[in-house]
Every structure is written in C-alpha cells, then in structure tokens.
Amino acid sequence: MTSKNLFFKLMKEDLRSRIWALALIGIGFFFLYPVTVAFLAGEIKDYPIYEQGLLWYRDQIQTWLSFENGMMVLVMAVAGLVCGLSGFSYLNSRSKVDFYHSLPVRREMFFAVNFVDGIVILALPYAISLALGVVLAIGNGVESSVIVPVAVTAFGLHMTYFMLIYTTVITSAMLTGNLIVGILGCMILAGFIPLASTILQGYFSTFFQTYAYDMGEQAFEMSRRISPIMEYLMQIEKYQTEHAIAGGAAMAWVVSALLTGFSLWLYRKRPSEASGKAMAFSVSGPIIRIPIAILSGLSLALMFWEFRKSTGWAVFGVICGVVLAHCVIEIIYHFDFRQLFKNRGQMVACLLATVAVLFVFRYDTFGYDRYLPSADKVKSGAVWMRDLNGWVDYGMLEQKEDGTWDFDAENTSKAVFSRMHSTDVENILALATAGVEQTSRDFSSVNPIYQAKAIDYFDEDETKSIYQVMISYELKSGRKVYRQYYIDLDSVSEAVNRLFADEGFQKANFPLLAQSAENVDSIYFRRDRTKETKLTDLTDTQKKELLEAYQDDFSTMTLERLKKEAPIGLVRFVTAPERESLEWQERKNREQEKNPSRYWNYNSFTDMNYYPVYPSFTKTIALLKAQGIEIDLKYAQADIRSVQIYDYRRDKYRTITITDSEQIDELRNVMTEPRMLYYNRFYQSSDLNVTVTIAEDGETLEYDVQFPKDQVPDFVRELLNQAKPQ
C-alpha cells in the first residue's frame, strides 16, 4: 500500500512540474477537435438543401475523427517528443540526477512514474477533446451510431502508434545526456533505417541496369517500416483502403513493449555521470557515428554521380560525406571543436569501407547484371513486358458498407507475377540470356516506356524493337528473384512467339482470357473510344459464343501482328458488379449536375476493362456484326475534305495537302486512330504527322491520324520529296 501511495504521489508531483506540457497538448487538441467540428458545422447552411449539407458534414467529420486523419501523425510525433523528453529531462542535469537518486526510491519507480505520466499527458486531453468533438457532431445532426465507433477506434489506433513513437523517444533519452542530442537521437532512431534503405535502393537503380524497381520496392518496404513514423503512415494508408491493420497494430504494441523494457534496462545501467554528456554510454558512440558517416559518404557519392557520371567525382563525394559527418559528430560528442579528428583511424576505416561499397555497385563486382540461374534451380518463371498490357486493369471492384463503389487498383507487374507460374523455364532463360547480352550501361538514357521508334521510316533496316522486359524467377529454395532487361525482341522472335503462345502468360497478362461466360452480364462495344453500343439483351448462349470467340481470336496474337495491326474497336465483357458500379456512377453524375458545388470523390468505372478488337479477329467481328454493330473506323465512310501531311524528320520540315478524292480514298484505307494505339504500344507507325479534315454534322472538324510505317503510299513520298522545305 505504501508503495502504491508513493507511486501516485510521485505521479502527482511529476504532473505538477510538467503542467506546461499538459496545457500545450490540451490547447492543441481543443482546436483540433471541438473547434474544428463546430467550425465545419457552419458549412451546412451554405448548401441549398439541408440534407445535402448534413451529408457533406457527416463525411467530413467522420474522416476528421477517424484513423484516416493523416494530420494526427504530426500531432502524435510532436506529442511523443514533448512527453518523452520532458519526462526524463532531469537526466540531463547532474544536480537533478544526484537529488533524485539520493531519495530512497528505486530507479524502476522513477521510470514507471515518468513513463505513465507521459501517456496521461497525451491521453487525457486527447480523450476529452475527442469526446467533446463527438458530442458536438451529434448535436449538429451526425448519427451517434456512425460517429462513436469511428472515434473510439481512432482513439485506440492513434494511441497505439503514439506509444510506438513515445517509446522510441524514451529510448533516445536513455542513450543521450543532452536535450539537443536527444532530439537528434530521436531523428536518427526514427529515420536512419528508412533513409539508408532509400539510398541503397538508389544505388541499385543507378548502377544495376537489370534492377527491377517495381519489385525491388517490396524488398525495401519492410526496412522502411522500422521507422515508427513510416509504419504509422503505412497503417493509415492501409486503413484508408480498407485493408486489415489488426496485425500491424498488435506488432506495434509488441515493439513498444520491447522498447519499454530496453529503455528500463538502459535506465538502470545508466551512470549518473552521464548527465550533460552527448552520449550516456561510451560504447554507443562509434555504433552511431560509423553508420552515419558511411551513409553520408554514400549519399554524396550518389549525388555527384548523378550530376557528372564520374567515378572520380563519386569518390570525392565519399571523402566529403564521410569526413564532414565524422568530424561533426565528434564535435557533438565532445562539445569541443578541437576533437574533430579524435578517432582518425575509425574515419579512415569509414572512408575505405564506403569506397568499397561504391566500387561494388559501380563495377558490379558480384555480377548482379550478369545473373542467370541454372534451369534445374528454377521452379517456375514469369515474364512481363511494360508495353504489352499497360492498359489492363488489375484490382478489386467492391461495394462498401455505405453503398459506394470503389476499385482498389493493383500494380500491373506485381499482378502478372502473382498470376503467372510458367514451367517453360528454358524459354524464359533464353529471353533472359538475350537480355544479359544486350543490356548495357549505355542504356541508362533509354526511355523505359517505349523504344520502338524508327530512326528513319524509309530505312527499316535501322529499326530495332527494343522493349523493357521484366522476368521473375521462383527458385526451388523458395526465393524469388526479379530482373529487368532491354531486349531487341526481333532478335529472339522464336522465344517471344513461344512465350506468347504460353497459356499461363496469356491469362496472367490478359485476365479476360481466363474469364468465364457465367460472369458476363452484358457486352459493350466502342468504335473509337467514344461511341458506345451496349448489348444488354443477349442470351447466355450468345454471350458465351462472343466471349469464347474473342478469347480464341486474342490468344492467337503474335508480336508480328501487333506491330502491323491497329485496334479498330474496343469490347468490354461487363460483369454484374461492374454494371451495378456503372449504374451507381451514373446516379452520382446526375447528383453532381444537380449540385455542382459539391465535389464527389469516387473512382470512374467508365473506361475500365476494355479490350482491343483487331482486324484479324474474324470470329469476334462476325458475331458483333450479327448484332448490328458497325465495325469500320469513321474514316472509312467519312466525308474527308483534305489530308495534311507534315514531315519533321529533316533539317527543314515539309508539308503537303491532299484534296484529290482518289488519293484520299487510298489514304483512308491506311488511316489509324491514334487514341486506339493506347491499347497496342507495339504498333509501328510512320514518323509523319497527319491531320484529316472531315465534314461532320454540318461542321468541319480536324482529327490527327497515323499511317502504318510500311504502308505509306508511294505518291505521298513523291509529293513530300517535291515539296518546298520550310
């Protein structure tokens, strides 16, 4: 009982000495919650219809009081710093330490008192202000059944990550003996690993041409989560996208408990004479100084490399970064400028280690770019080409509890790799071997999106079909390896055609090929990405025939056909959930028209899941025509008045205008709709700029079109050669 009374008595005395922190945090939360909730209520009257204003207010308050409020990360970070450092600030004063430690109270008691008070200083004003905000929201018309669960959940989750930040700050306070150094220590503990991870990733992406950035990001994500701030932000992002966060919250409590135990152990071991010193434990000095010095050297080396692409300048960056960081930290440690070269041996070791790391990346010492696994060690593989299916929509369409619809998009390359598990390892390795041979550091300036441009469209021999190809290996050991290459696909046409015929490759890159007819609700067709025909009355048999026809047609596509064929239409096999989401979106659009002042934040489902229809899709085209759908592009029957052709490939451009009806008829047969090429990045068009003038609905309209690279009529070439250079 005596110990219990002493604990609360010490808590009371400590709170009295830290009343400024309680007041500061209380004022902050007062403005953050009650004032903001009341202020936003004034917006309701600005709406012409009260119910619309109340709906807007409810959405705003629900977001503001929930765990989605990203501003709370900053609030909790500052509060954690204030509560953590103020509670143990006496450790920075030798006289205060001597006084407290002379009292007949165990160190564990002092630690517990300051630790608990720090939580109370934050939790008490937070809870009161949040409760007031909830009461005000209910008083302004927000249903209690909606706002109370949201606020309670938010309180628990925000306190969870406050504890993670708070215990990190206390750990820093235990390791240091000076307030300023303690703040710097907090920054290092919270930011060193994420920063080091980012710089290391920069080295991979800068010096290794085959580094697959999209997939490499996953490997570095876990290291970034070591930072309490980054983990906090990631969990908020997951919460916003309705992903489960219970596991992350539980892990945060486990880490907080471990940090608390570690801090208590440090507190018990901390010598009294550590007060006023930069570091409380001498052994921690080099443990912190050396990694920071090396990281500084690597950072400046990378910066100078990016500017000059020079090894000499990169080494200069290493020297500057290591020496400056090492010397500054020594000055901070000893509070004496004369001690900047105190540990010269360690500084030289840092320099050598940093240069070694730089050279490992610069000269690919361990053969990262030359990596090719043995076929007998690979369980399965996957291939993704950036230009092949960038238009495909991967993700989950779902309806939320409030009736709204949302599409949670998935990264394209990750989606393909998670779906494709090809056992044709030999063929995948053939592609990878070509990638290793062809990819060089000279490709650092290559556009990663598209490199199939001809140097001169009249000189086809100089054209190379160089594309970015990403390969995933699933090794029998369970390890996954990713590499990206820039490959001239024409040089490995046999392997590419074999890959295109792989059923697993097709279904992973084009999910429609794996769709079942039972899931098709209706079918939409677009001729030019704007004019749409909806087939909503088809029988199940008709829908099945059309889907299977399209799947058969699409599965026979080859790289050569993609280069020569442009889409002539788009088809969408709409599922029941997609139809419901489209109907919901139409209702939202009508509400938007009635109330333009309100901003609706929702995904658009209008252009999703369309697949291209090519001229060679005879089965699909026949079935579409049987439903009365016009397949030909608008240029086939359009009233074309003139065609303007511009040639900018020479020092001086040339232009011609064609008005002859026979020549126009010859050109209309090769005109391609540029917007449709979004669905085929492999298509090879000429370098000519073409504008067609059409009379349509009593107006004269101009459209940009393109010609196939190898189908430009001879008379166009002759007229351009005769045209006067501009």
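Scan region 527-554 residue by residue and report those that are touching a residue at least 40 places away in the same chain (Cβ under 8 Å), buried (at least 18 other Cβ atoms within 10 Å of the Cβ) and not aromatic (Phe, Trp, Tyr).
Arg527, Leu535, Leu546, Ala549
Of all residues in region 292-308, which are touching a residue at least 24 places away in the same chain (Cβ under 8 Å) and surrounded by fewer than 16 Cβ atoms within 10 Å (Cβ to Cβ)?
Glu306
Could you say which residue among Gly133, Gly84, Gly80, Gly118 is of a type outside the set (Val, Ile, Thr), touching a Pro at 6+ places or on another chain (Cβ under 9 Å), surrounded by 15 or more Cβ atoms within 10 Å (Cβ to Cβ) and under 30 Å from Ser275 (Cβ atoms)?
Result of the check over Gly133, Gly84, Gly80, Gly118: Gly80.
Can you pull out the strands (runs of 3 or more DSSP E) entirely within region 460-565 that have at least 3 residues that are out of contact with any Gly (no Cβ under 6 Å at 6 or more places or on another chain), over 18 Å from Ser380 (Cβ atoms) and among the acidic types (Asp, Glu)?
Output list is empty.
Read through the list (1) polar (S, T, N, Q); (2) more than 23 Å from Ile294 (Cβ to Cβ); (3) within 24 Å of the chain's Cα centre (by Cα), then give the number of the only condition that Asn178 fails.
(3)
Can you pull out every residue in region 511-561 that is touching a Ser or Thr at 6+ places or on another chain (Cβ under 7 Å) and among the acidic types (Asp, Glu)?
Selection gives Asp521, Asp553.
Of all residues in region 163-202, which are among the β-branched types (Val, Ile, Thr), under 23 Å from Leu91 (Cβ atoms) and either surrounded by fewer than 17 Cβ atoms within 10 Å (Cβ to Cβ) or at pLDDT 85 or above (or both)?
Ile165, Thr167, Thr168, Val169, Ile170, Thr171, Thr176, Ile180, Ile183, Ile188
How many residues does region 256-278 contain that are crowded, with 17+ Cβ neighbours inside 10 Å and under 16 Å from Thr168 (Cα atoms)?
Here the count works out to 7.
Within region 701-720, track down each residue that is assigned to a helix (DSSP H, G or I), surrounded by fewer than 16 Cβ atoms within 10 Å (Cβ to Cβ) and of a type in the set (A, V, I, L, M, F, W, C).
Matches in region 701-720: Phe715 only.
The values are calculated or read from the model by the stated rules, or taken from the named source; none is laboratory data. Because the structure is a prediction, the values reported are computed rather than measured. Neighbour counts are summed over all protein chains in view; Cβ atoms, including those assigned to glycine, are modelled from backbone coordinates with ideal geometry.
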